[in-house]
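Some notes on the structure that comes next.
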Amino acid sequence: MSAVKKIAVLTSGGDSQGMNAAVRAVVRSALFRGIEVYGVQRGYQGLLNRDLREMDLRSVGDIIQRGGTILQTARCKEFVTPEGQQRGADVLREYGIDGLVVIGGDGSYQGANKLSKLGIKTMALPGTIDNDIPFTDFTIGFDTAVSIVVDAINKLRDTMTSHERSSVVEVMGRHCGDIALYAGLASGAEAILVPEVPFDIKEISLRMKDNFQKGKRHGIVVVAEGVGSGDEVARGITEYSGIEPRVTVLGHIQRGGAPTHNDRILASQLADYAVQRLMEGDSGKGIGLVKGEFVATDIEQVVSTKKSFNLDLYNLALRLAQ
């Protein structure tokens, strides 16, 4: 016997590629097991507005390859308050919903944690391109975002080499530099600037100047937005080296486009596991995949833990940036 008979799924916060794959998997996994499913439009705001609709197999047809989220997403200041959280739990009970799957980042996890404490069985899936959710190796959307950045750098490298110029590429990552790190390493960037590691712009600038004098025809610097803007970094390079880099800010293009096969598979696996845990009566868990194994960690622990930075990978990038 399943511990839940009717569940809901919502996407919250910033969108990420693979959210649709996760929604699809939640719906179809639940229906396969005889559980009714409701989709909540526009995240926690839609929950407070009672914007829910029953989902069937056709509701999630032809979406696994689409970016964004068919359920849409929104920020909701009211849900940050105890009153808003209680009203959200009341709405779910009003619809007879006894389980909820939340797909999103840190703020979404915070909301899921509050609902869990109010008696709603909840599971949270890591849907964010930033890869900043702990207790999972990768988040849904991260692989696609990195692929987009790598593709952009490949194109920039062609024109930078043709003109013997340097390029500063600003990517997303206010508090987590994983997009910059992985994309920079995969692209052979000359320097990778992330919030987790201090850097010396003078040293980087002089190294770039020395490389040009030794015959290098281009230079790529990848900057996570959390360390400052690409324009600020470019001005620093010019000040210390005389090199005038062109600045490219990739912005929200990193969130768009079809998810990679890795993100589609990850989203499907995590969503199916979340439904399984709800059926078993579990609640208040953040679902992840660590070294090939599914893990379910207390959301309270997830939201109070900072994800560790892969310093070994960063140091590898430093060794190879010659």
Inside the stretch 138-232, counting only strands (runs of 3 or more DSSP E) that do not spill past its ends, which hold 2 or more residues that are hydrophobic (A, V, I, L, M, F, W, C) and in contact with a Lys or Arg (Cβ under 9 Å, 6 or more places away or on another chain)? 219-224
Only one of these is touching a residue at least 60 places away in the same chain (Cβ under 8 Å) and closer than 16 Å to residue 8 by Cβ: 99, 88. Name it. 99
Out of everything in the stretch 177-226 that is closer than 20 Å to residue 148 by Cβ and among the β-branched types (Val, Ile, Thr), what residue ends up being nearest to the chain's Cα centre (by Cα)? 179
Residues satisfying the stated conditions in the stretch 8-47, i.e. part of a loop (DSSP other than H, G, I, E, B), of a type in the set (Lys, Arg) and closer than 30 Å to residue 148 by Cα: 42
In the stretch 63-84, how many are assigned to a loop (DSSP other than H, G, I, E, B), surrounded by 14 or more Cβ atoms within 10 Å (Cβ to Cβ) and not aliphatic (A, V, I, L, M)? 8
Inside the stretch 173-190, the number of residues satisfying the requirement of being buried (at least 24 other Cβ atoms within 10 Å of the Cβ) and touching a residue at least 40 places away in the same chain (Cβ under 8 Å) is 10
Filter pass, residue 107 being outside any loop (DSSP other than H, G, I, E, B) and either out of contact with any Cys (no Cβ under 7 Å at 6 or more places or on another chain) or at pLDDT 95 or above (or both): yes
Working carefully through the options 50, 87, find the one that is more than 26 Å from residue 256 (Cβ to Cβ) and in a loop (DSSP other than H, G, I, E, B). 50
Where residues in the stretch 289-322 are aromatic (Phe, Trp, Tyr) and out of contact with any Leu (no Cβ under 7 Å at 6 or more places or on another chain), which of them is nearest to residue 266 (Cα to Cα)? 294
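The values are calculated or read from the model by the stated rules, or taken from the named source; none is laboratory data. The structure displayed is predicted, hence computed values, not measured ones. Note that each Cβ is placed from the backbone with ideal geometry, even for glycine, and that neighbours are counted across all protein chains shown.
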